[in-house]
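The values are calculated or read from the model by the stated rules, or taken from the named source; none is laboratory data. If you're wondering where the values come from, they're calculated on a predicted model, not measured in any experiment. Every residue, glycine as well, gets a Cβ built from its backbone with ideal geometry; the counts of neighbours run over all protein chains shown. Ligands, DNA and RNA are excluded from the accessible area calculation, which covers all protein heavy atoms including side chains. Shrake-Rupley method; radii C 1.70, N 1.55, O 1.52, S 1.80 Å.
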Amino acid sequence: MARVYNFSAGPSTLPESVLAKAASEMLDYNGSGQSVMEMSHRSPVYDEIIRSCQSLLRQVMNIPDNYKVLFLQGGASSQFAMVPLNLMNKNHKADYMVTGQFSKKAKDEAERYGEVRVVASSKDKNFTYIPKITKADLDPNADYLHICFNNTIFGTKFPYIPETGDMPLVADLSSCILSEPIDISKFGLVYAGAQKNMAPAGLTVVIVREDLIGNQMDVTPTMFNYKVHADNDSMYNTPPCYSIYMCKLVLEWIQNEIGGLEKMKERNAAKAKVLYDFIDSSKLFQNNVNPEDRSMMNVTFVTGDADLDKKFCKEAAEAGFVNLKGHRSVGGMRASIYNAMPPEGIDKLVAFMAKFEADNA
Ligand SMILES: *Cc1c(COP(=O)(O)O)cnc(C)c1O
């Protein structure tokens with residue numbers, strides 16, 4: 001059976017060579033006589049897998065030594081609570097930027113634990129842009145500023161990193177991690193659900209500056225305490241073993257086949273340009289996002305006619321381009337073109353869109 005081009009926002013497409021490698025190691029990992037799915041997380045053979053996953057991530061993302069890498073579960077959504085429980089600890093105040101549905105959820109969750117202020121929101125224009133803020137907009141007493149760097153549902157991305165001075169900047173990187181180089185030293189903490197750009201679902205990666213660990217509120221559940229996971233090298237309890245193994249394979253793919261994050265960015269920028277250029281030149285399709293805030297990972301577009309959008313998604317799926325329906329809160333279409341979407345997937349999608357446009361003129 002032929003593989004489809006899968007534009008799902010997550011879980012999403014994985015590199016074919018990674019899937020092939022995982023398949024070849026499925027029954028017998030590296031002479032161990034077992035699948036990675038079956039082995040003890042305390043075994044030396046698994047220890048080697050989680051260690052190399054972490055060291056590869058550090059290398060590929062150029063993570064400074066004073067940051068811990070944690071492999072957790074619970075999805076990015078658990079971080080919406082874990083961040084305030086651990087970081088909203090001095091003045092019990094935090095600043096949030098609301099640039100979409102996930103940052104709104106993060107803000108709502110934080111309100112359970114302290115005083116939350118919305119510094120800026122783009123709700124006035126249905127989240128089609130990223131507000132500009134400066135340090136002067138921040139509450140100097142806030143314990144941190146939280147942002148969602150790439151807004152998966154609306155197809156926007158921060159074109160800048162907010163300047164926060166000494167205040168820790170916290171970012172949800174779920175849908176853009178590993179898509180391009182990012183200077184981790186500008187952040188106090190970043191987190192990502194792995195199922196967009198790193199691995200299958202089940203793994204949540206947290207990268208946190210060491211001095212921010214260990215100040216959790218007393219009510220913090222053990223499993224929601226960064227210190228517990230940091231002190232135990234992400235082995236306090238059973239980690240999401242197989243997803244961590246897959247993450248290692250994806251990182252090897254980025255390093256060895258792509259050539260690192262600079263190359264990944266070039267490839268992703270070129271892919272996104274093909275799609276945005278076509279949409280901008282099309283009379284049928286349009287993208288409503290402020291051009292400089294466009295996401296390189298999630299490309300939203302509409303025809304302006306809900307029935308035609310529906311027809312497009314149906315015919316696209318029949319032609320092998322699946323999961324193009326936009327999020328239910330936005331409508332229209334969304335092509336999630338994460339790292340693993342090959343450039344020819346975009347070229348073929350654009351050819352299909354051109355034909356659909358001609359047929360429906
Ligand atoms: C997908 C996504 C989430 C939700 O992630 P879960 O792992 O399902 O909890 C949160 N934030 C962003 C930016 C996302 O793309």
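Computed values, structure above
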quantity	calculated
Test result for Arg42, closer than 27 Å to Cys176 by Cα and over 21 Å from the mean Cα position of the chain (by Cα)	no
Residue match in region 35-53 (condition: within 30 Å of Arg334 (Cβ to Cβ) and out of contact with any His (no Cβ under 6 Å at 6 or more places or on another chain))	yes
Flag if Phe80 is within 30 Å of Phe352 (Cβ to Cβ), within 16 Å of the ligand (Cβ to nearest atom), outside any strand (DSSP E or B) and among the aromatic types (Phe, Trp, Tyr)	no
Filter result (basic (Lys, Arg) and either within 15 Å of the ligand (Cβ to nearest atom) or open to solvent by less than 10 Å² (accessible area, probe 1.4 Å) (or both)) within region 83-106	Lys104, Lys105
Filter result (over 18 Å from the mean Cα position of the chain (by Cα) and either within 23 Å of Pro291 (Cβ to Cβ) or not assigned by TED's automatic domain parsing to the domain that holds Leu169 (or both)) within region 100-126	Ala120, Ser121, Ser122, Lys123, Asp124, Lys125, Asn126
Strands (runs of 3 or more DSSP E) contained entirely in region 107-221, each with at least 1 residues that are within 15 Å of the ligand (Cβ to nearest atom), within 29 Å of Ala335 (Cα to Cα) and of a type in the set (Phe, Trp, Tyr)	189-193
Top-ranked residue in region 127-161 [being among the charged types (D, E, K, R) and without any contact (Cβ under 8 Å) to a residue 60 or more places away in the chain; ranked as farthest from Asn290 (Cα to Cα)]	Asp143
